[in-house]
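Colleague: Take a look at the following structure, please.
The values are calculated or read from the model by the stated rules, or taken from the named source; none is laboratory data. Keep in mind it's a predicted model, so treat the numbers as computed, not measured. Cβ sites come from the backbone with ideal geometry, for glycine too, and all protein chains shown count toward neighbours.
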Protein chains: 2
Amino acid sequence: MATRRRPNGSVTLFDVALEAGVHPSTVSRALDPRQRNRVKEPTRLRIVDTAHRLGYRPHLVARGLQSGRTATVGVIVADLGNSFITPIIHGLTNSIETLGLVPMIAETEDDHDRLAVILEHMVSRRVDALVVAAARSGDREILESVGRLLPTVIAARPLAGTTLSQVTHDDVLGGRLAAEHFHRLGHRLVVQLRGPDDVGNFPLRGTGFSDYCRRAKVDELELPQRGRAPSEEEGARLADFLLSAGRPLPTGVFAHNDLMAVGALSVFRDAGINVPGTLSLAGYNDLPMVGLIDPPLTTVRYPSMELGRAAGEMLSQLLSGGSPADRFLKPTLVVRASTRAL
Amino acid sequence: MATRRRPNGSVTLFDVALEAGVHPSTVSRALDPRQRNRVKEPTRLRIVDTAHRLGYRPHLVARGLQSGRTATVGVIVADLGNSFITPIIHGLTNSIETLGLVPMIAETEDDHDRLAVILEHMVSRRVDALVVAAARSGDREILESVGRLLPTVIAARPLAGTTLSQVTHDDVLGGRLAAEHFHRLGHRLVVQLRGPDDVGNFPLRGTGFSDYCRRAKVDELELPQRGRAPSEEEGARLADFLLSAGRPLPTGVFAHNDLMAVGALSVFRDAGINVPGTLSLAGYNDLPMVGLIDPPLTTVRYPSMELGRAAGEMLSQLLSGGSPADRFLKPTLVVRASTRAL
DNA sequence: CTGTTAGCGCTTTCAA
DNA sequence: TTGAAAGCGCTAACAG
């Protein structure tokens, strides 16, 4: 029987073995749910009892080194401060928990180099899988090279031209829903406050919106600028720009996300422009509280929590060797008071 | 020189050593920032180059087993869906990142048994430290027993009678600020929509509020119920209860957090009660969007991001053997349009 | 400056 | 049913 000292005070398998008078490997078996029936009942009970009495806790790091798995999922997001991301993490956390997996979260701040560092780090940590909800078009190669190393799911932000598994949602439809809504309300001149082009969602939303407008003969004013980030500040900036341009003002404004819509709303309010009296405004995401702002914001609901959960399910399939089909969730239009018929 | 096979395809230190024609430990030294000057420059460069060429990534799990540290911080929250928690995680993540630490997040859903399981899990994973933003009064013992095992910071929710390090904020002052505000506006009958008693913040907010009212001779109506959770639903339920009670209605309502305030607001609106015309309403936390709801919500600002950052700093001290003083942040009152002078 | 050696705590064949 | 032995990939004490 092996004898060991415990240099750092924590109780090991060997301590339990010593105390119970068996070999460490027997303890290992007795405590492993899948192997416990290989140990005679009384022995097992004695071991379990001893382990409990000594306050033994399995050392998951050691187990991980041996088994090659860490029961950890790397979750990479752009910005934890964006409340759009939280439900995704929430759904994902819940979903993978059933597999005994724990999320390890990192934030890119939408910086390519930071993403590279984080990916490197996640690989070094030997996370079992990766969920990336921070992809931008310039990140494709680096993501694919990581995707060859470990199961990877691209979530929330679509990545064009990749073979990596993706769970996204229909941004084109979302854009179309917004345009259709304006059209039905009788608007004839509309504008988009666009998010950055290298985040896959925004060009798609733009396309869905513009295509519908073209078909429906709704005029679309094209701003020469787009948001550098999908933030309140950038929404405000674009709204300012729109007002200062001096053209005939559109009657319908489609902000590419709720934060931008909220930023624009403040600008409109400060400029004495009534929403929805003079201007109808729609956003995207249906953030937790936009139904309560003044006026309640019409928006396209993004199924964040479902998306997180779906990402977890895809991960699960990926981890058991399957190759899950890409998931493509549907947005819905949530009509509130910020849009009105002309 | 040692020769090894690579059963699972990933490049190890030994592969690099083999390729570079040196001993593994030399590679280890060459790649360790703190030991690299112990290796002759040309050798080091050759090693670094080889490592790069082979695509070597350090195995942090193996390193962790050896060094006893995992560069991981367990972060335990009650509910990721509560947008109050996100800035805390955000600040914390940013703060510990500089130490090379990564957060590992878990959610208790305010369930004691789940907390126990999560703590067990975190210990087994050998996280280097723990931040618990989900403590309830009944959790003290279990948290203290974990606190003896590893550096632990209790954050956001104060835990009475413990020696564990805490970073919280002055809930009593927060409650007082709300009461004082109502008093100055001339309100003479007020009420609290209370959060659950076993979350340390709420009784303190209640005390701060009530004490001020007593001293200032403001009458306080005491509801026989309190929220079972600090949620929109429970806020609505208490508001319903308040209205159905048929007493003379208070003119000032202090909801123990913004979610409850928002829930109450909907009920008041549905009941045709104008806020702030008939009823002034104040919340707590200053969630991202409450300044934009109708009416903009007067609330006590909770310094979430700062708190997360402070938790990170305390962790850092704890990890380097220090014993940081408890941190106690200050709330501030944010006056908006949901409260008005009588 | 570099090689040798001995583990970190656990799982997992292979024997007995 | 249990024990023995090897080793996951890395670091660190000790030689040389």
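Colleague: Restricting attention to segment B:233-262, report how many residues are buried (at least 24 other Cβ atoms within 10 Å of the Cβ) and in contact with a Gly (Cβ under 9 Å, 6 or more places away or on another chain).
Modeller: 13
Colleague: Would you be able to say whether some residue in segment A:86-97 is under 19 Å from B:R125 (Cβ atoms), of a type in the set (A, V, I, L, M) and out of contact with any Leu (no Cβ under 8 Å at 6 or more places or on another chain)?
Modeller: Yes, there is a match, as at least one residue in segment A:86-97 is under 19 Å from B:R125 (Cβ atoms), of a type in the set (A, V, I, L, M) and out of contact with any Leu (no Cβ under 8 Å at 6 or more places or on another chain).
Every residue, every condition in (1) touching a Lys or Arg at 6+ places or on another chain (Cβ under 9 Å); (2) of a type in the set (V, I, T); (3) surrounded by fewer than 24 Cβ atoms within 10 Å (Cβ to Cβ), yes or no:
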{"residue": "A:L173", "(1), (2), (3)": "yes, no, yes"}
{"residue": "A:G186", "(1), (2), (3)": "no, no, yes"}
{"residue": "A:Q192", "(1), (2), (3)": "yes, no, no"}
{"residue": "A:D197", "(1), (2), (3)": "yes, no, yes"}
{"residue": "A:P203", "(1), (2), (3)": "yes, no, yes"}
{"residue": "A:D211", "(1), (2), (3)": "yes, no, yes"}
{"residue": "A:K217", "(1), (2), (3)": "yes, no, yes"}
{"residue": "A:E222", "(1), (2), (3)": "no, no, yes"}
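Colleague: May I pose another question? Which one of A:G74, A:G64 is out of contact with any Asp or Glu (no Cβ under 8 Å at 6 or more places or on another chain) and not in a helix (DSSP H, G or I)?
Modeller: Selected residue: A:G74, the only one of A:G74, A:G64 that is out of contact with any Asp or Glu (no Cβ under 8 Å at 6 or more places or on another chain) and not in a helix (DSSP H, G or I).
Colleague: Kindly list the number of the only condition in (1) aliphatic (A, V, I, L, M); (2) assigned to a loop (DSSP other than H, G, I, E, B); (3) under 18 Å from the mean Cα position of the chain (by Cα) that fails for B:L249.
Modeller: All conditions are met except number (3).
Colleague: Give all pairs with beta carbons closer than 8 Å in which a residue from segment A:35-50 that is within 13 Å of A:P24 (Cβ to Cβ) and modelled with pLDDT of 95 or more meets a residue that is near DNA strand D (Cβ under 7 Å from one of its atoms) and in a helix (DSSP H, G or I); count only pairs at least 6 apart in sequence or on separate chains.
Modeller: A:I47/A:T26
Colleague: For segment B:297-325, which residues satisfy the criterion of being within 14 Å of chain A (Cβ to nearest Cβ) and in a helix (DSSP H, G or I)?
Modeller: Initial filter on segment B:297-325 (within 14 Å of chain A (Cβ to nearest Cβ)): B:297, B:299, B:304-306, B:308-309, B:312.
Answer for segment B:297-325, where residues must be within 14 Å of chain A (Cβ to nearest Cβ) and in a helix (DSSP H, G or I): B:S304, B:M305, B:E306, B:G308, B:R309, B:G312.
Colleague: List, please: which pairs have Cβ atoms under 7 Å, are six or more places apart or on different chains, and start with a residue in segment A:308-328 that is under 19 Å from A:T162 (Cα atoms) and touching a residue at least 12 places away in the same chain (Cβ under 8 Å) and end with one that is of a type in the set (G, A, S) and crowded, with 19+ Cβ neighbours inside 10 Å?
Modeller: A:A311/A:A155; A:M314/A:S165; A:L315/A:A129; A:L318/A:A129; A:L318/A:S165; A:P324/A:S165; A:D326/A:S165; A:R327/A:A310
Colleague: Kindly list, by first and then second residue, each pair from a residue in segment B:174-186 that is at positive phi to a residue that is not hydrophobic (A, V, I, L, M, F, W, C), limited to pairs with Cβ atoms under 9 Å and residues at least 6 apart or on different chains.
Modeller: B:G186/B:T251
Colleague: Looking at segment B:129-145, which of its residues are touching a strand residue (DSSP E or B) at 6+ places or on another chain (Cβ under 6 Å) and either modelled with pLDDT under 95 or more than 22 Å from B:G321 (Cβ to Cβ) (or both)?
Modeller: If the condition is that a residue be touching a strand residue (DSSP E or B) at 6+ places or on another chain (Cβ under 6 Å) and either modelled with pLDDT under 95 or more than 22 Å from B:G321 (Cβ to Cβ) (or both), then B:A133, B:A134, B:A135 are the ones that fit.
Colleague: How about segment B:270-296: which of its residues are within 7 Å of chain A (Cβ to nearest Cβ) and part of a strand (DSSP E or B)?
Modeller: B:I293
Colleague: Looking only at residues in segment A:61-107 that are at the interface with chain B (Cβ under 7 Å from one of its Cβ atoms) and within 16 Å of DNA strand D (Cβ to nearest atom), which one is surrounded by the fewest Cβ atoms within 10 Å (Cβ to Cβ)?
Modeller: Only one residue tops the list, namely A:G68.
Results for (1) under 18 Å from the mean Cα position of the chain (by Cα); (2) within 14 Å of chain B (Cβ to nearest Cβ); (3) assigned to a strand (DSSP E or B); (4) of a type outside the set (D, E, K, R), shown as yes or no for each residue.
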site	(1), (2), (3), (4)
A:V131	yes, yes, yes, yes
A:L143	yes, no, no, yes
A:L177	no, no, no, yes
A:F202	yes, no, no, yes
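Colleague: Now for a separate question. All but one of (1) facing another protein chain (nearest Cβ under 9 Å); (2) more than 30 Å from B:V300 (Cα to Cα) hold for B:D49; state the number of the condition that does not hold.
Modeller: The number of the failed condition is (1).
Colleague: Looking at segment B:46-53, can you tell me whether even one residue there is crowded, with 18+ Cβ neighbours inside 10 Å, away from DNA strand C (no atom under 13 Å from the Cβ) and small (G, A, S)?
Modeller: yes
Colleague: Moving to a separate point now. Within segment A:1-34, can you find the residues that are near DNA strand C (Cβ under 7 Å from one of its atoms), modelled with pLDDT of 90 or more and part of a loop (DSSP other than H, G, I, E, B)?
Modeller: Matches in segment A:1-34: A:T12, A:D32.
Colleague: Any idea how many residues of segment B:91-116 are part of a helix (DSSP H, G or I) and more than 12 Å from the chain's Cα centre (by Cα)?
Modeller: So the count comes out to 9.
Colleague: Quick test for you: out of A:A71, A:A30, pick the one residue that is of a type in the set (A, V, I, L, M) and more than 30 Å from A:D111 (Cβ to Cβ).
Modeller: Within the list A:A71, A:A30, the selection yields A:A30.
Colleague: Go through (1) polar (S, T, N, Q); (2) more than 12 Å from every other protein chain (Cβ to nearest Cβ); (3) touching an Asp or Glu at 6+ places or on another chain (Cβ under 9 Å) one by one and return the number of the condition B:S266 breaks.
Modeller: So the condition that B:S266 fails would be (2).
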